[in-house]
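The values are calculated or read from the model by the stated rules, or taken from the named source; none is laboratory data. These numbers were taken from a predicted model, which means no experiment stands behind them. Backbone-built Cβ (ideal geometry, glycine too); neighbour counts: all protein chains shown. Remember, those area values only see protein heavy atoms, side chains included, never the ligands or the DNA or RNA. Shrake-Rupley method; radii C 1.70, N 1.55, O 1.52, S 1.80 Å.
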Amino acid sequence: MTGLPAAWVEQFWKRVTLVAIAASIIARRQYGISPDAAYTYALFHDAAIPLMMRRFPDYAGIYEKCQAEELMLVEAEKNYFPCTHPIVGSLLVRNWGLPGLLGKAIRFHHEEDVYELPDRTLPGGALSLIAVTQVAEYLVTEAIHGNDLEVGADQFARALVHLGISEGDLDELRGLVATAVEESLH
């Protein structure tokens, strides 16, 4: 990440860490999803964003435009660049020697039909990591009053259904995530 503005890198990792903490909290309340795996996946699922910023000189401008106009980052990437952060990220974690399940989850985490993909394409364990992280990312974005560039209301709703999270459970998770965010920021 050399060559990137230090303040941007710090903010990026601060947000990713908050999402990882939230994913771990949510996974603890799920059956069969390891909190450690959820934390690791959430920590690395967007690791290619800084790489793309470094590789493509106009990436920072597109990223800022997405934030200002509340556009989905992956859609902008598809329009402006020869690759997207999920594709680059899946290659990155493979090179780092992380488990293949994490790589598959990273590769497919922005696919619109992610919840309909067959198990041979995306194993259920990878889909559960995606769902937990989508819920975490959405709740962290709410807690910090940020703009949602990653999940969107439709995928958030689908993640809740996949995980079987009720409205009451969601209210409880929202409170737990908000408390964790508050504690992490102070």
> With point charges of +1 on the Cβ of Lys and Arg and -1 on the Cβ of Asp and Glu, referenced to the Cα centre of the chain, which listed residue (A153, A126, H110) lies farthest in the positive direction of the dipole?
Replying inline: A126
> Magnitude of the Cβ-charge dipole of the chain, K/R +1 and D/E -1, about the Cα centre, nearest 20 debye?
Replying inline: 800
> So, in Å, what gap is there between the alpha-carbon centers of region 111-185 and region 55-92?
Replying inline: 20
>> So if I place +1 on the C-beta of Lys and Arg and -1 on the C-beta of Asp and Glu, and nothing else carries charge, what would the dipole magnitude of region 1-97 be about its Cα centre? I want it in debye, nearest 20.
In response: 320
>> Below 8 Å between Cα atoms, with a sequence gap of 6+, how large is the relative contact order for region 80-186 in percent?
In response: 21
>> Mean Kyte-Doolittle hydropathy of -1.0 or higher plus an axial Cα length of 24 Å or more: which whole DSSP H helices in the chain meet both?
In response: 6-28, 124-143, 167-185
> Rounded to the nearest whole Å², what accessible area per residue is found for the chain with the 1.4 Å probe?
Replying inline: 50
> Classify region 43-171: rounded, prolate or oblate, from the alpha-carbon gyration tensor (a ≥ b ≥ c, eigenvalue square roots; a/c under 1.5 rounded; otherwise prolate if a/b is larger than b/c)?
Replying inline: oblate
> Got the relative contact order for the chain handy, in percent, Cα pairs under 8 Å and 6 or more residues apart?
Replying inline: 25
